[in-house]
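Novice: My questions will all concern the structure given below.
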Amino acid sequence: MTQKVVVVGAGVVGAACAFHAASAGMDVTVVDRGPVGGGTTSRGEGNVLLSDKEPGPELDLARLSRALWDEAAGELGPDTLEFEPKGGLVVASTAEGLAELRAFAARQEAAGVRAEPVDRVHDLEPHLAPGVPGGVLYPQDAQVQPVLAAAALLRAAVRHGARFRNGEVAAGVTGPDGRITGVRTAAGGVLPADAVVNAAGTWGGEVGRRLGAPVEVLPRRGFVLVTEPLPPMVRHKVYSADYVANVASSDAGLETSCVVEGTRGGTVLIGASRERVGFDTTMNPAVVARLAAQACRLFPFLRDVHLIRAYRGFRPYCPDHLPVVGPDPRVPGVFHACGHEGAGIGLAPGTGALVTAHLLGRPWRGADPAAHTGLLPDRFLTSKGASE
Ligand SMILES: Cc1cc2nc3c(=O)[nH]c(=O)nc-3n(C[C@H](O)[C@H](O)[C@H](O)COP(=O)(O)OP(=O)(O)OC[C@H]3O[C@@H](n4cnc5c(N)ncnc54)[C@H](O)[C@@H]3O)c2cc1C
């Protein structure tokens, strides 16, 4: 019998789950209280990075995802996603920083990432500040337009028979054996399901609770700056080596280390700050000024360029900074796919394939559950079965 799957959340992660599950022949319904990609997906920059990830479970998922972005671009058309495999250039500001960056890159290379030391960085990025001692080129780093990517994946899921419904998921419905049998929407209806995928991003903790399977997912605020459109000036994703330490840090205070990249429309994106301030939506001009100053240090031409806007969003993070992907042992039929922090766009296709492999009980498109056990929800559960 065809497996009925309800995916909660139509962000890029939910869309990728729907795409893979529907491609595998499942009967998929995606439900979101808002529009496609209207959550944190519309607040990201679209970096698909291997360069910023330490060897370990997240890099394993990133490598899988990177291969699946190529597949998705081939299947859906690269323009539908604005997929640009432009490569990333990480630069150091001191000789000491460069040695650390190259040692980090060597560990990544041993884990299967392509990383090429570069001495003459200005050959690759002519407008970089003078005096940059060197860097590392990561040819596999890429870029997508996140909302277009979510929409394209969801459209492809619909072509495979999936449905998209608006509505807020209020609760899980379970049978006498404790297995999930559907979800109740705030409007009062019940969507029947053999399995429910929690792809609610920063709200994954709350949706997990409503499904009887809470997980801890918290918001980490970030601002992104957008310049006026320019002729092409920045060729790669360019960022300073400090960025990696900032991403991995558990510091609650403000952290900024900018990533600079051009877009097809000509705007330059400058992202992103990291702060743990709950869901506080206040615009913070000090953060904008700090990011802008860092970007100008990397690319001095930006001093004469206007910013046209700044936007912010809330990255969904788990306490150990790894996404939670896989079946919840407390409620059979509930699968989590959330908590991707600042990498959910890049990690979406791998997550969708991995969730589908869990649903099928066998590997799917290169995703083998046995190879990604570090992402399972079990890691948060105490012996009493509660989420800490
Ligand atoms: C400033 C910033 C920059 C970033 N840059 C990048 C980047 O360059 N590269 C990258 O890979 N990542 C980046 N990220 C992170 C990335 O945006 C997220 O990890 C990713 O978008 C998460 O996608 P998602 O589908 O899990 O969540 P979301 O896009 O938030 O989707 C979750 C959906 O669930 C829905 N929902 C919630 N509760 C319910 C409910 N009860 N019922 C129904 N629907 C519900 C919401 O409406 C929402 O549409 C950035 C984030 C920020 C904030």
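The values are calculated or read from the model by the stated rules, or taken from the named source; none is laboratory data. Computed from a predicted structure; not experimentally measured. Using ideal geometry, Cβ is built from the backbone for each residue, glycine included, and neighbour counts are taken over all protein chains shown. For the accessible areas, the whole protein counts, side chains as well, though only heavy atoms, and no ligand, DNA or RNA atoms are used. Shrake-Rupley method; radii C 1.70, N 1.55, O 1.52, S 1.80 Å.
Novice: List every residue whose amide H lies under 5 Å from the amide H of GLY182, counting only residues 5 or more places away in sequence or on a different chain, with H placed 1.01 Å from N in the peptide plane.
Specialist: Residues meeting the amide H criterion: VAL173, ALA193.
Novice: Taking a virtual spin label 7 Å from the Cα of VAL190 along the C-beta vector, which residues in segment 144-184 bring their backbone nitrogen under 19 Å of it?
Specialist: 167-184
Novice: Please turn the phi angles of segment 26-33 into ³J(HN,Hα) values with the Karplus equation 6.51 cos²θ - 1.76 cosθ + 1.60 (θ = phi - 60°), one per residue in order, whole Hz, x for glycine and proline.
Specialist: Coupling constants for segment 26-33: 7, 8, 10, 10, 9, 10, 9, 6 Hz.
Novice: What distance in nm separates the two pseudo spin-label positions at ASP304 and ARG165, each 7 Å out from Cα along the beta-carbon direction?
Specialist: Roughly 5.8 nm, to one decimal.
Novice: Helix 12-23: angle to the longest alpha-carbon principal axis of the chain, degrees 0 to 90, nearest 10?
Specialist: Here the helix axis deviates by roughly 50 degrees.
Novice: So, one more: Applying the Karplus parametrisation 6.51 cos²θ - 1.76 cosθ + 1.60 with θ = phi - 60° to the phi angles of segment 120-125, what ³J(HN,Hα) value in whole Hz is obtained for each residue in order, glycine and proline being reported as x?
Specialist: Whole-Hz 3J(HN,Hα) from phi for segment 120-125: 8, 5, 6, 5, 8, 10.
Novice: Which value, to two decimals, describes the C-alpha radius of gyration of segment 54-201 once divided by 2.2 N^0.38 Å?
Specialist: 1.50
Novice: With r as the distance between the Cβ atoms of ALA371 and ARG235 and R0 = 30 Å, compute the FRET efficiency 1/(1 + (r/R0)^6) and round to 0.05.
Specialist: The pair ARG235/ALA371 has a calculated efficiency of 0.30.
Novice: When the helix-only estimate is applied to the chain (DSSP H runs of n ≥ 4, each -39,500 (n - 2.57), divided by the residue count), what is the mean residue ellipticity at 222 nm, nearest 500 deg cm²/dmol?
Specialist: -9000 deg cm²/dmol
Novice: Could you look at segment 27-172 and say what percent of its accessible area is carbon and sulfur, using a 1.4 Å probe and all protein chains?
Specialist: Whole-percent figure for carbon plus sulfur exposure: 51.
Novice: What ranking, highest mean first, results for peptides 92-105, 315-328 when packing means the other Cβ atoms within 10 Å averaged over each residue?
Specialist: Most protected by this proxy first, the peptides run 315-328, 92-105.
Novice: Which percent, to the nearest 5, of DSSP beta bridges fully inside segment 251-388 are antiparallel?
Specialist: In segment 251-388, DSSP labels about 95 percent of beta bridges as antiparallel.
Novice: Let me ask something additional. I'd like the FRET efficiency for GLU228 and ASP177, computed as 1/(1 + (r/R0)^6) with the beta carbon distance as r and R0 of 51 Å, rounded to 0.05.
Specialist: About 0.30, to the nearest 0.05.
Novice: Separate question: Would you compute, for the Cα atoms of segment 294-388, the largest minus smallest coordinate along each principal axis and list the three values in descending order, in whole Å?
Specialist: Each principal axis gives a Cα extent; for segment 294-388 these are 57, 33, 20 Å.
Novice: Once you charge only the Cβ atoms, +1 for Lys and Arg and -1 for Asp and Glu, what is the size of the charge dipole of segment 115-163 about its Cα centre, to the nearest 20 debye?
Specialist: Taking the Cα centre of segment 115-163 as origin, the dipole is about 600 debye.
Novice: What are the extents of the Cα atoms of the chain along their three principal axes, in Å, largest first?
Specialist: Extents along the principal axes, in whole Å: 68, 43, 42.
Novice: Next question. Where the centroid of each part is defined by its Cα atoms, how far is segment 143-213 from segment 293-327 in Å?
Specialist: About 28 Å separates the Cα centre of segment 143-213 from the one of segment 293-327.
Novice: Continuing with the same structure: Of PRO319, ALA286, HIS336, which is farthest on the positive side of the dipole of segment 273-363, counting Cα position, with +1 on Lys and Arg Cβ, -1 on Asp and Glu Cβ, and the Cα centre as origin?
Specialist: Farthest towards the positive end: ALA286.
Novice: Another question, if that's okay. Quick check: convex hull of the Cα atoms in segment 38-97, volume per residue, rounded to a whole Å³?
Specialist: It comes to 125 Å³ per residue, whole-number rounded.
Novice: In addition: So what's the angle, to the nearest 10 degrees on a 0 to 90 scale, between helix 344-360 and the longest Cα principal axis of the chain?
Specialist: 30
Novice: A further question on this structure: For the chain, give the share of DSSP beta bridges that are antiparallel, in percent and rounded to the nearest 5; count only bridges with both residues there.
Specialist: Taking every DSSP beta bridge with both residues in the chain, the antiparallel ones total about 70 percent.
Novice: Under 5 Å between amide H atoms, partner at least 5 residues away or on a different chain: which partners does VAL30 have, H built in plane at 1.01 Å?
Specialist: Hits under the 5 Å cutoff: VAL7, ARG163, PHE164, ARG165.
Novice: Report the charge-dipole magnitude of the chain in Debye, nearest 20, computed about the Cα centre from +1 at each Lys and Arg Cβ and -1 at each Asp and Glu Cβ.
Specialist: So the magnitude is around 900 debye.
Novice: Let me ask you something else. Taking the chain as a Gaussian network, Cα atoms linked when under 10 Å apart, which of GLY271, GLY208, GLY77 shows the biggest mean-square fluctuation?
Specialist: Largest GNM mean-square fluctuation: GLY77.
Novice: Another one. Top mean-square fluctuation among THR373, THR263, THR29, Gaussian network model of the chain, C-alpha springs under 10 Å?
Specialist: THR373
Novice: Please give the length that would be gained between GLU100 and HIS122 if that part of the chain were fully extended, namely 0.36 nm times their separation in residues minus their C-alpha to C-alpha distance (nm, one decimal).
Specialist: 5.9 nm is the gain from fully extending GLU100 to HIS122.
Novice: Follow-up. Using θ = phi - 60° and the Karplus form 6.51 cos²θ - 1.76 cosθ + 1.60, what ³J(HN,Hα) does each residue of segment 287-300 get, whole Hz, x for Gly and Pro?
Specialist: For segment 287-300, the Karplus-derived couplings read 5, 4, 5, 5, 4, 4, 5, 5, 4, 5, 5, 6, 10, x Hz, x marking Gly and Pro.
Novice: Sorting TYR138, TYR311 by accessible area (1.4 Å probe), largest first, what list results?
Specialist: Putting TYR138, TYR311 in descending order of accessible area: TYR311, TYR138.
Novice: Which aspartates and glutamates have a Cα less than 16 Å from the Cα of LYS4, not counting those fewer than 8 places away in the same chain?
Specialist: ASP27, ASP194
Novice: Name the aspartates and glutamates eligible as straight-distance cross-link partners of LYS53: C-alpha to C-alpha under 12 Å, and not fewer than 8 places from it in the same chain.
Specialist: GLU109, ASP141
Novice: Return the long-range amide H neighbours of VAL325 (sequence gap of 5 or more, or a different chain), with a cut-off of under 5 Å between placed amide H atoms.
Specialist: LEU376
Novice: Calculate, in nm to one decimal, what GLU75 and PHE279 gain on full extension: separation in residues at 0.36 nm each, minus their alpha carbon distance.
Specialist: 69.8 nm
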